[in-house]
1. Considering only region 33-62, how many residues are more than 16 Å from residue 88 (Cα to Cα) and either in contact with a Pro (Cβ under 8 Å, 6 or more places away or on another chain) or not in a loop (DSSP other than H, G, I, E, B) (or both)?
2. Checking the structure you have, find out if any residue of region 32-41 is modelled with pLDDT of 95 or more, touching an Asp or Glu at 6+ places or on another chain (Cβ under 6 Å), under 14 Å from residue 10 (Cβ atoms) and not acidic (Asp, Glu).
3. If you go through region 51-71 one residue at a time, do you hit one that is within 21 Å of residue 35 (Cα to Cα), among the hydrophobic types (A, V, I, L, M, F, W, C) and in contact with a Ser or Thr (Cβ under 9 Å, 6 or more places away or on another chain)?
4. Can you pull out the residues in region 1-32 that are of a type in the set (A, V, I, L, M, F, W, C) and either part of a helix (DSSP H, G or I) or under 15 Å from the mean Cα position of the chain (by Cα) (or both)?
5. Looking at 33, 61, 27 in this structure, which one is in contact with a His (Cβ under 8 Å, 6 or more places away or on another chain) and closer than 30 Å to residue 4 by Cβ?
6. Quick one: how many residues across region 63-95 are within 29 Å of residue 12 (Cβ to Cβ) and either assigned to a loop (DSSP other than H, G, I, E, B) or in contact with an Asp or Glu (Cβ under 6 Å, 6 or more places away or on another chain) (or both)?
7. Going through region 25-59 one residue at a time, which ones are among the hydroxyl-bearing types (Ser, Thr, Tyr) and in contact with a helix residue (DSSP H, G or I) (Cβ under 9 Å, 6 or more places away or on another chain)?
8. Which residues, taken from region 54-100, are exposed (fewer than 15 other Cβ atoms within 10 Å of the Cβ), touching a residue at least 24 places away in the same chain (Cβ under 8 Å) and charged (D, E, K, R)?
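The values are calculated or read from the model by the stated rules, or taken from the named source; none is laboratory data. Everything numeric here is computed off the predicted structure, so don't read it as measured data. Every residue, glycine among them, receives a Cβ derived from its backbone with ideal geometry; neighbour counts consider all protein chains shown.
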Amino acid sequence: MKKTISENDFIQAFIDYGRKDNFSYDALRAIFAYLEECEEECETEIELDPIAICCEYTEMAKEDIENDYALDGADPIEYLNENTFVIAQLDDEHEHVIFQNF
């Protein structure tokens, strides 16, 4: 049995699973768009599993990426692009990046 969900349903699933604080609303919108694009390109439906998504992707501020990965002034986006897949860069106050964990 399958159910087509909207962006709002996707965000609500994270709230229902107690995972609301893992991502900002902008990040959830970006992840939803990315997963929809993956479904279209691969012609395969993806099962909505908020816990698995939280384990597979991370949202961090560029400054935190620099500190956590000890980049010593290196560009965090360049570093991430060399080591994993960057889903989106959010042009918010803290310049958050959503990337696949590695």
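1. Of region 33-62, the ones more than 16 Å from residue 88 (Cα to Cα) are 39-52, 55.
In the following step, the residues that additionally are either in contact with a Pro (Cβ under 8 Å, 6 or more places away or on another chain) or not in a loop (DSSP other than H, G, I, E, B) (or both) were identified as 39-42, 50-52, 55.
The total comes to 8.
2. yes
3. Step one: list which residues in region 51-71 are within 21 Å of residue 35 (Cα to Cα), which gives 51-60.
Checking which are among the hydrophobic types (A, V, I, L, M, F, W, C) leaves us with 51-55, 60.
Okay, now just the ones that are also in contact with a Ser or Thr (Cβ under 9 Å, 6 or more places away or on another chain), so none.
No, the conditions are met nowhere in region 51-71.
4. Taking region 1-32 first, the residues of a type in the set (A, V, I, L, M, F, W, C) are 1, 5, 10-11, 13-15, 23, 27-28, 30-32.
10, 11, 13, 14, 15, 23, 27, 28, 30, 31, 32 - these are the residues of region 1-32 that are of a type in the set (A, V, I, L, M, F, W, C) and either part of a helix (DSSP H, G or I) or under 15 Å from the mean Cα position of the chain (by Cα) (or both).
5. Working: 33 fails: in contact with a His (Cβ under 8 Å, 6 or more places away or on another chain); 61 fails: closer than 30 Å to residue 4 by Cβ.
Selected residue: 27, the only one of 33, 61, 27 that is in contact with a His (Cβ under 8 Å, 6 or more places away or on another chain) and closer than 30 Å to residue 4 by Cβ.
6. 8
7. To start, the set of residues in region 25-59 that are among the hydroxyl-bearing types (Ser, Thr, Tyr) comprises 25, 34, 44, 57-58.
25, 44, 57, 58 - these are the residues of region 25-59 that are among the hydroxyl-bearing types (Ser, Thr, Tyr) and in contact with a helix residue (DSSP H, G or I) (Cβ under 9 Å, 6 or more places away or on another chain).
8. 56, 63, 92
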